[in-house]
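**Q** Once you've had a glance at the structure underneath, I'll fire off some questions.
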Amino acid sequence: MWDMIAIMSDQMIEQLRRLASNEMSFGEGEVVFAQGSKVSFVYLVVHGSVRLLRHQSDGAAIVMQRATAGSVLAEASLFSDRYHCDAVALLPSKLVSIRKTLLVDQIFDNPELARMWNAYMAREIQHARRSAEIISLRTGLHGMTVSFLPRANGRPLPKIWVPALKPFTGNSPNAKRSVQRSQSALNRSGTRPTR
């Protein structure tokens, strides 16, 4: 089933690229669009990484999405009038823009594209829920990381590294302490993060 989803996703990305009207490059820290601005385009990340940031009243920013190559940036904005977040390049990035009205028309007129778009959106919702679950674990990142360790026939899982979890933790002092405790637990278990 996952092979079929990957194939559908690749096919959808190819269809979206054919609809693209413009290709743009953004340097690290450059704004792609700002919260409150009118949604005229949907963006596909060709390479690099772009974060959606929602700013709180206390000035803190919450990462709502980290879009990488092959990801649609702010896909939920397709049916909104205004962006609800800022989009900022995390790394030097290349994006293509697709006119919102064109994509909506194509989704309504092309049942195959509509099916692929719905499958993509379902995966994005699953990812968002998984991320929310990781963030909300009461034991914090340390407890979560340690809880993953014994799940591979008594051996630590080789692909679960603390650096991969950092995008979920933010930069608060508690998150940094939790990451340090997780790294210590991984080191004690004989598992080393890869860089």
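**Q** Say we look at the stretch 33-43 and pick out the residues that are part of a loop (DSSP other than H, G, I, E, B) and under 19 Å from the mean Cα position of the chain (by Cα); which of these is farthest from Ser93 (Cα to Cα)? Break it down into steps so the answer makes sense when it comes.
**A** Here is the first cut: in the stretch 33-43, the ones part of a loop (DSSP other than H, G, I, E, B) are 34-37, 39-40.
From what's left, under 19 Å from the mean Cα position of the chain (by Cα): 34-35.
Numbers: Ala34: 17, Gln35: 19 Å.
It comes out as Gln35.
**Q** Take Glu124 and tell me if it is acidic (Asp, Glu) and either surrounded by 17 or more Cβ atoms within 10 Å (Cβ to Cβ) or within 18 Å of Asn22 (Cβ to Cβ) (or both). Let's see the steps before the verdict.
**A** Values: acidic (Asp, Glu): yes; either surrounded by 17 or more Cβ atoms within 10 Å (Cβ to Cβ) or within 18 Å of Asn22 (Cβ to Cβ) (or both): no.
Taking the combined requirement at face value, the residue does not satisfy it.
**Q** Please go through the stretch 32-52 and give me each residue that is under 23 Å from Arg130 (Cβ atoms) and surrounded by fewer than 19 Cβ atoms within 10 Å (Cβ to Cβ), ordered by number.
**A** Selection gives Ser49 alone.
**Q** What is the residue count in the stretch 44-81 for residues that are over 14 Å from the mean Cα position of the chain (by Cα) and under 14 Å from Tyr120 (Cα atoms)?
**A** Qualifying residue count, the stretch 44-81: 1.
Throughout, read-outs are computed from the coordinates displayed, never taken from laboratory work. Computed from a prediction, not measured in an experiment: that's the story for all the values here. Please note: Cβ atoms are built from the backbone with ideal geometry, for glycine as well, and neighbour counts cover all protein chains shown.
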